[in-house]
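Below is one structure, written out as structure tokens; the observations come after it.
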Amino acid sequence: MINFPQSLHLIESFKKSDDYLLIKEIESIRRSFNIFSGNYKDLRNALDEHNLMSSNNSLWESKEIRWEIQDRLTRLLFNFCSAAAALVPHTRNHRDKLYNQADKIFIEYEEFLDKEFRNNLEHHFIIGLRNFISHDKLPAIVSIKRFHGKITTTSFNIKKSSLEFEDSNWKAKAKDFINDQQENIDVEKLVDRYFLRVEELHNWYSHRQLQHHKEIYAKVIHEKKTLLRSAIEDRITTALPYDQEDIDREEQVLNSL
């Protein structure tokens, strides 16, 4: 019969503890945001490449090359909008699982949504664009190079007329956004503004959760340090779901609260 060290049993008990599982649940919503953030970075890098190719004229020398990068940008735009749409229920379900409507953090979260998202036309357009591409068709897009004296600028745009917003299933606030636009909708400006808005929400929510659970967070870090010392002595550090660098990073976050 194999005799496992006591520290291994303690580690397994710790991983099943309510406090540890709560902190893991708090951290889990970051995965959904990181997917959204990753899609934004992919799209932004492709937009930068598109603009660079415009400045050196390679974008305009071959329509096949231009179509290829435009198709790539359309695909990445759809990924961005899809991740944005998924983030809405992911965050709501996460909040509802952890908090009651009477909890202060729940109320503050609702106030943040009321101020920044619920009546924001851009937000409703992003979600509506995802639905339009999923259920109707791809929008028409166009690359535009403008000359301002010796300065040139390039934009990648959605053609407003291709969105069929008068006849399709666009919701009212998304239609209001489209109606406010000129002939073309600049994708770079659109996604930059929206990403910053969502990033602000999730940075605030993450920080606010850790403030709300600060005592539990400190307790979990203390238990992690104790278990790490025992695991080092028993040479079973691979059984731990964290290392010293993780603890150092978490302590730094805790000290900033």
Too long at a 25 Å Cα-Cα cut-off: which of K15/K214; K159/K189; K16/K41; K41/K189; K137/K175; K41/K175?
K16/K41; K41/K175
Nitroxide proxy distance, nm - points 7 Å out along Cα→Cβ at R44 and E166:
3.8
What's the longest piece of the chain with no exposed trypsin sites (Lys or Arg not before Pro), counting a site as exposed if DSSP puts it in a loop and it has at most 15 other beta carbons within 10 Å?
17-117
Build a GNM of the chain with springs between Cα atoms under 10 Å: which of E233, E27, E188 gets the top mean-square fluctuation?
E233
Estimated distance in nm for a label pair at V88 and S58, the labels positioned 7 Å out from Cα along Cα-to-Cβ:
3.8
Within-11-Å neighbourhood charge of I216 [Cβ basis; K, R +1; D, E -1]
-2
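For segment 29-205, calculate the relative contact order in percent as a whole number, restricting contacts to Cα pairs under 8 Å that are 6 or more residues apart.
23
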Could you put Y242, Y205 in order, starting from the residue whose Cβ has the fewest other Cβ atoms within 10 Å?
Y242, Y205
Where does the chain land on Rg(C-alpha)/(2.2 N^0.38 Å)?
1.32
Just from its helices, what would the mean residue ellipticity at 222 nm be for the chain, if runs of 4 or more DSSP H residues each count -39500 (n - 2.57) and the sum is divided by every residue, rounded to the nearest 500 deg cm²/dmol?
-24500 deg cm²/dmol
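Any read-out appearing in this document is the output of simple, stated calculations on the displayed coordinates, not a laboratory observation. These figures come from a predicted structure and were not determined experimentally. Because the Cβ atoms are built from the backbone with ideal geometry, glycine has one as well, and the counts that use them run over all protein chains shown.
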